[in-house]
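The values are calculated or read from the model by the stated rules, or taken from the named source; none is laboratory data. Computed from a predicted model, the values in this text were never measured in an experiment. When we count neighbours, we look across all protein chains shown, and the Cβ atoms used for this are built from the backbone with ideal geometry, even at glycine.
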Amino acid sequence: MLKEAAALDAADGLAAERARFDLEEDCVYLDGNSLGALPRGVAGRLADVVGREWGRLRIRSWEESGWWTAPERVGDRIGRLVGAAPGQVVAGDSTSVNVFKAVVAAIRLTDTGSRDEVLVDAATFPTDGYIARSAARMTGCRIRAVDAADMAREAGPRTAVALVNHVDYRTGRLHDLPAVTAAVHAAGARTVWDLCHSAGALPVHLDAAGADFAVGCTYKYLNGGPGAPAFLYVRRTLQDRFDSPLPGWNSHADPFAMDPAYAPADGAVRGRVGTPEILSLLALDAALDVWDGVDLEAVRAKSLALTDFFLRCVEAYVPRGRVESVTPEAHGERGSQVSLRCAAGPAGGAGDVMAELIRRGVVGDFRRPDVLRFGFTPLYTRFADAERAARVLGEVLEGTRQR
Ligand SMILES: *Cc1c(COP(=O)(O)O)cnc(C)c1O
């Protein structure tokens, strides 16, 4: 498997991208689906933002350094990665907050007299479920949790909106965005897609699918840094009717009129709330440079090759029966991670196993109660990393010492 890894790395068209990240040579980092690695350009850019733009230009930077329009500018850069034409994505706030904006706005687009149901996927990342439940309570709707795979079938005449995680954070299962969107539309309802585990991991085609709303975070596959601003997509044809539940002054048509009466801005700007988080927004802006010239189809091809190869290595190295993949085999249903269920054994529970892996230089993460998660970020993960991760996992589960 070592030889095969070397051959795959030698043939990898994206291999050179790793140099754009600040990673130690021997670092096997398979947790980029939780916190993406640091792109090399970020520190220098932030130093300039702090030292010159803030330190010297001070208030002038809102205009002269483009701070005021950064949420839309950065939003458009993210838009390219999720299949959104310019003018539909705004960067800012957290994913949780953007879920709130999108779900309430989607409900407000429908006649809640006849449609009072919010569908959420049963395995959703918890924050989406909490927020959707609150949004439903506030709008006189009720929540119904259904398996994301059944979402298309479950949407009906009472459904106002379906909130779906594009890729399941725990299992890595990818859902069919175009098909589910079409089915939910056929039922007369709207979709809100959470792209946290797909933006930057695989090609997403929001415009082509006719998606209504989408949200996502930027600190995972987009490498924006801890707590980096999230994003909100509102399809262009819905923007005029987008009624934000958080109409802050930054979303006003003329914010500096300081008008007591609210008048919403046109376009993606309407998704803004308050003053943008400039330092983290511009760190994200710099981090997005690594995507310049990168073809998402090549990223996807490598992602699938990496996860396929990792699964084969696991089969080769890990004692039979010790782990079981809960990530779908089918490429069309797989995101960019592999989740292995690991029952307690001589090496301890899955949490102990991951702690030992991390001690031995292989960083993935653990999701209770028994899941080992390995994220594959094609811009900086090597086939050799996949091989080593599986080999070390085998050693840990066999109880052998580090070689
Ligand atoms: C990571 C993640 C979040 C995180 O939300 P924050 O508001 O950034 O904390 C939300 N939803 C999903 C599906 C995620 O994977």
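A few notes on this one:
- Qualifying residue in the stretch 64-87 (condition: farther than 30 Å from residue 128 by Cα and part of a helix (DSSP H, G or I)): yes
- Looking only at the stretch 274-310, and only at residues there that are closer than 30 Å to residue 387 by Cβ and free of Cβ contacts under 8 Å to residues at least 40 places away in the same chain, the one that is surrounded by the fewest Cβ atoms within 10 Å (Cβ to Cβ): 293
- Close contacts from the stretch 213-230, counting a first residue that is more than 8 Å from the ligand (Cβ to nearest atom) and a second that is among the basic types (Lys, Arg) and in a loop (DSSP other than H, G, I, E, B), with Cβ to Cβ under 8 Å and a gap of 6+ residues or different chains, come to 213/235.
- Among (1) part of a loop (DSSP other than H, G, I, E, B); (2) within 18 Å of residue 102 (Cβ to Cβ), the one test that residue 157 misses: (2)
- Residue check for residue 301: among the small types (Gly, Ala, Ser) and in a helix (DSSP H, G or I): yes
- Some residue of the stretch 218-226 being under 23 Å from residue 251 (Cα atoms), in contact with a Leu (Cβ under 8 Å, 6 or more places away or on another chain) and among the basic types (Lys, Arg): no
- Those residues of the stretch 18-53 which are more than 15 Å from residue 281 (Cα to Cα), without any contact (Cβ under 8 Å) to a residue 24 or more places away in the chain and not small (Gly, Ala, Ser), in sequence order: 22, 24, 25, 40, 52
- Residue within the stretch 76-87 that is within 13 Å of the ligand (Cβ to nearest atom) and at pLDDT 95 or above present: no
- Just one of the listed residues (160, 187, 201) is more than 16 Å from the ligand (Cβ to nearest atom) and buried (at least 24 other Cβ atoms within 10 Å of the Cβ), namely 160.
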